[in-house]
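Each remark here refers to the structure printed beneath this line.
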């Protein structure tokens, strides 16, 4: 079974989705990600979907669920790198990714997490990570 | 044709290889990466291979070539996330990845790039990115 690697960058976990997600892979990713959040105490999750040219309702729901799980574990989720066609498809499917923030690229996503976490008065260090 | 996304984090480009590289994909990655280095003025390249359980001589050579091309374009390459079995295989194949630095994970790779670039007297900003 393919597993998607979860990369740690300071207090942020970065997941780059490059393959078409099957049910098993998506479930494994959710398991791995929640374990990793607990293990590392990460405060933010960046999901990069720049490699995805097609997003269906399954992936849309998977992203929403992942964000909801992360939020319960006290980590903010930002989806980055969405292609224009994907955005159109998501809206046409009626999937507006409620509760998920988006940013154009990883740098902007880090900046967004930095400001969001900074406002929350958290002691995270992602401020150091983001510069535009 | 699959393309591997290249993520920009400050002055560093991050490439996470998750699929078995075929010739076409590897060539496309080298093209994309060199274009992106020139376009962004990146000073460092992190290649994450934590998802690879098998590395053959083709991938080994690809990594060496990518590092050599990056160096000519004034960017340091660090390979991160190598699994123990992969390290053993590389040595058994006689591929010692000359001229390529390695680090255990992305955070350590960023720290390594930061210190390497700092010593070179460069004006890069990766110092902000790395903390262990």
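The values are calculated or read from the model by the stated rules, or taken from the named source; none is laboratory data. Everything numeric in this text was worked out from a predicted model, so none of it was measured. Heads up, the Cβs are rebuilt from the backbone with ideal geometry, glycines too, and the neighbour counts pull from every protein chain shown.
Just the residues that are surrounded by 20 or more Cβ atoms within 10 Å (Cβ to Cβ) and modelled with pLDDT of 85 or more, please, taken from the range A:108-129. Within the range A:108-129, A:109, A:110, A:112, A:113, A:114 meet the criteria.
Residue count for the range B:79-95 satisfying the condition of being within 14 Å of another protein chain (Cβ to nearest Cβ) and in a helix (DSSP H, G or I): 1. Residues that are within 22 Å of residue A:18 (Cβ to Cβ), touching a residue at least 12 places away in the same chain (Cβ under 8 Å), in contact with a helix residue (DSSP H, G or I) (Cβ under 7 Å, 6 or more places away or on another chain) and within 14 Å of chain A (Cβ to nearest Cβ) do occur in the range B:60-78, at least one of them. Scanning the range A:97-111 for residues that are closer than 18 Å to residue A:7 by Cβ and away from chain B (no Cβ under 14 Å) yields a count of 0.
In the range B:1-57, the qualifying residues are those that are buried (at least 20 other Cβ atoms within 10 Å of the Cβ), outside any strand (DSSP E or B) and more than 10 Å from chain A (Cβ to nearest Cβ), and the one that is modelled with the lowest pLDDT is B:21.
Select from the range B:96-106 the residues that are in contact (Cβ under 8 Å) with a residue 24 or more places away in the chain and in a loop (DSSP other than H, G, I, E, B) and write down the one among them that is nearest to the chain's Cα centre (by Cα). Top of the filtered list is B:100.
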